[in-house]
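This report concerns only the one structure given below.
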Amino acid sequence: MAVLATSAATLSSISLHLLLSNSNINANSLFHSTIHRINFHSFQIYPLHLKSTTLQVRFLRPTPKICSDYNNKVVAAARHQLLWLNPTPFPSKCVRNIGKKASILFVRLVAVTMLLVTSVSVATSSAPAWALSEENLLFLEAWRTIDRAYVDKTFNGQSWFRYRENALRNEPMNNREETYVAIRKMLATLDDPFTRFLEPEKFKSLRSGTKGALTGVGLSIGYPTGSDELPAGLVVISAAPEGPASRAGIVSGDVILAIDDSSTERMGIYDAADRLQGPEGSSVKLTIRSGPETKHLALTREKVSLNPVKSRLCEIPASGKDSPRIGYIKLTTFNQNASGAVKEAISTLRSNNVDAFVLDLRDNSGGLFPEGIEIAKIWLDKGVIVYICDSRGVRDIYDAEGSGAIATSEPLAVLVNKGTASASEILAGALKDNKRAVLFGERTFGKGKIQSVFQLSDGSGLAVTVARYETPGHTDIDKVGVIPDHPLPTSFPKDEESFCGCLQDPLSTCYINRVQLFAR
């Protein structure tokens, strides 16, 4: 058993470790000659797997600068009883005196227990070290995940280690639910709405949402950004095409004021997402502010397909022999199928001899970060895709080396709007800053932070903000967004069926000619 005792008054200059063993040394001579008066107020027990009859005493003092300063500063003990452990350099001429004059004493004392009385009083305990319960271990697993992965290493201006110790002492963790409450309370101190705890069922649901389908109303939601002048509530980032919300007329920028009569003013987005999802065929009531109008809607939940890609070939009338052909690709989400589906769409359109591509990222609220990187590599043969940054600056760089590039030569236009968020913004920013594409539309949503999902040992999980990102031009788009090169006509359609008409009919209110679409 080892006992670490600390004194607030002398913490910077002296620390004490006691080690009991079977030797004969006069303890009084040691402690009577100390220069500093020490009053120890507390101790912590650490299991060091030592013999029960062992105690070690070490005094650590600042190393003097000159040889004379060593005189009379330590106890003169037998040469074999002195051990020099201080790594601080000292004058070479003092080396020959090191056996008698040292800053640290190592003394082996005969006793099982002892009471040192002069200037020092040390309490020891024979009780066993505190054993951690299974619930404590789960809490520590969550704590370590945040400690290693979280983007802000100040942890919102708090001592993360001290929080752990206080929580283990004070937070009840007698069952799994109490442990979950303790983990949520810990995460709340970070004041980060995107870092959250997921019970096993919610973690499973989140993973299924990146694989292809969800049961709900087809809405992606977020918090209002600082530039929004909106009523209190949650903002609709996008509505899944042909989903219940889209059919009811809910569009990007609408504000959800209430879900089933519960106000969203102080509701988190993940709480709201849980309320919007539910059994297929069940209903949910929404109060929506759309411009100046307030709507009360009842939507029926259904299985919303997350097929990420739709594509279409558009032939543009021309006076010459060959009509220009444009391949339109609408990417709605970044799930596990996204990059493969984009490659397949490009291959299909190329078989029809397209001259250029339009990539539509409007109302794409993001998804899996790695899929965004892989899709950027499809269009770029070289160049930085994104900088990953933390509180200390650039931590990592993702770039294109040409291995996955299959569409680097054709002209490319990218369509964005305020529903373009997260991984979509990474892709749009990479294509813009590398001058691979021309961006059309409106300023994007501005979610410039990246979350990773970590599974805990009991099947629950943590979604953790692990980094923020900057575009290749070192633009931090968080709460600002990616700014397009040109606006789109306000009447420009969002579906692939109507898109071609805006390129083919010069009299249409949404008309853009081919030269404008791809001109820098």
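Pairs are defined by a Cβ separation below 7 Å, a sequence spacing of at least 6 or placement on different chains, a first member in the stretch 370-390 that is of a type in the set (D, E, K, R), and a second member that is part of a helix (DSSP H, G or I); the pairs so defined are E371/A338; E371/S339; E371/A423; E374/S339.
In the stretch 312-350, the residue that is farthest from G404 (Cα to Cα) out of those that are open to solvent by less than 30 Å² (accessible area, probe 1.4 Å) and in a strand (DSSP E or B) is C314. Selection of the stretch 457-481 for residues being touching a strand residue (DSSP E or B) at 6+ places or on another chain (Cβ under 9 Å), within 10 Å of G429 (Cβ to Cβ) and of a type in the set (S, T, Y) yields Y469, T471. Evaluate the following for I375: is it in a helix (DSSP H, G or I) and in contact with a Ser or Thr (Cβ under 6 Å, 6 or more places away or on another chain)? The answer is yes for I375.
In the stretch 421-444, the residue that is farthest from A519 (Cα to Cα) out of those that are open to solvent by 10 Å² or more (accessible area, probe 1.4 Å) and either of a type in the set (K, R) or assigned to a loop (DSSP other than H, G, I, E, B) (or both) is S422.
Taking (1) surrounded by fewer than 23 Cβ atoms within 10 Å (Cβ to Cβ); (2) in contact with a Phe, Trp or Tyr (Cβ under 9 Å, 6 or more places away or on another chain); (3) at pLDDT 95 or above in turn, G383 satisfies each apart from (2).
From G481, G459, which residue is within 30 Å of L138 (Cβ to Cβ), part of a loop (DSSP other than H, G, I, E, B) and not aromatic (F, W, Y)?
Values: G481 fails: within 30 Å of L138 (Cβ to Cβ).
Of the residues listed, the single one that is within 30 Å of L138 (Cβ to Cβ), part of a loop (DSSP other than H, G, I, E, B) and not aromatic (F, W, Y) is G459.
Within the stretch 244-267, one or more residues are farther than 21 Å from S422 by Cα, assigned to a loop (DSSP other than H, G, I, E, B), modelled with pLDDT of 90 or more and within 26 Å of the chain's Cα centre (by Cα).
Set side by side, the residues N337, N353 differ, and just one is polar (S, T, N, Q) and more than 23 Å from C502 (Cα to Cα), which is N337. Would you point out the residue of the stretch 299-309, among those that are open to solvent by less than 80 Å² (accessible area, probe 1.4 Å) and in a strand (DSSP E or B), that is modelled with the lowest pLDDT? Within the stretch 299-309, the match that is modelled with the lowest pLDDT is V304. Is it the case that the stretch 402-420 has a residue that's within 30 Å of E199 (Cβ to Cβ), under 24 Å from the mean Cα position of the chain (by Cα) and surrounded by 22 or more Cβ atoms within 10 Å (Cβ to Cβ)? Yes - at least one qualifying residue is present in the stretch 402-420. Taking every residue in the stretch 410-430 that is under 18 Å from K479 (Cα atoms) and acidic (D, E) and pairing it with any residue that is part of a strand (DSSP E or B) and open to solvent by less than 10 Å² (accessible area, probe 1.4 Å), at least 6 positions away or on another chain, the pairs with Cβ-Cβ distances below 9 Å are E425/V416; E425/Y469. In summary, S227 fulfils each of the numbered conditions (1) polar (S, T, N, Q); (2) at pLDDT 85 or above; (3) within 25 Å of V482 (Cα to Cα); (4) open to solvent by 50 Å² or more (accessible area, probe 1.4 Å) with the single exception of condition (2). Being of a type outside the set (A, V, I, L, M), at negative phi, at pLDDT 90 or above and more than 20 Å from the chain's Cα centre (by Cα) holds for only one residue in E178, E201, and it is E178. When R184 is tested against (1) open to solvent by 80 Å² or more (accessible area, probe 1.4 Å); (2) modelled with pLDDT under 95, only condition (2) is not met. Restricting attention to the stretch 234-243, the residues that are assigned to a loop (DSSP other than H, G, I, E, B) and open to solvent by less than 10 Å² (accessible area, probe 1.4 Å) total 1. Among the residues making up the stretch 454-476, those that are open to solvent by less than 20 Å² (accessible area, probe 1.4 Å) and under 16 Å from the mean Cα position of the chain (by Cα) are L456, G461, L462, A463, V464, T465, V466, A467, Y469.
Residue-level check: of (1) of a type in the set (A, V, I, L, M, F, W, C); (2) in a loop (DSSP other than H, G, I, E, B); (3) in contact with a helix residue (DSSP H, G or I) (Cβ under 9 Å, 6 or more places away or on another chain), F454 misses just (2). I need the full set of residues from the stretch 264-282 which are more than 14 Å from G218 (Cβ to Cβ), of a type outside the set (A, V, I, L, M, F, W, C) and touching a residue at least 12 places away in the same chain (Cβ under 8 Å), in order please. Matches in the stretch 264-282: T264, E265, G268, Y270, D274, R275, P279, G281, S282. Of all residues in the stretch 211-221, those satisfying the criterion of being modelled with pLDDT under 80 and on the phi < 0 side of the Ramachandran plot are K211, A213, L214, T215.
The values are calculated or read from the model by the stated rules, or taken from the named source; none is laboratory data. Every value quoted in this text rests on a predicted model; they were computed, and no experiment measured them. Here Cβ is always computed from backbone atoms with ideal geometry, including for glycine, and neighbour counts include all displayed protein chains. When the accessible area is computed, the model is the full protein with side chains, heavy atoms only, and any ligands, DNA or RNA have been set aside. Shrake-Rupley method; radii C 1.70, N 1.55, O 1.52, S 1.80 Å.
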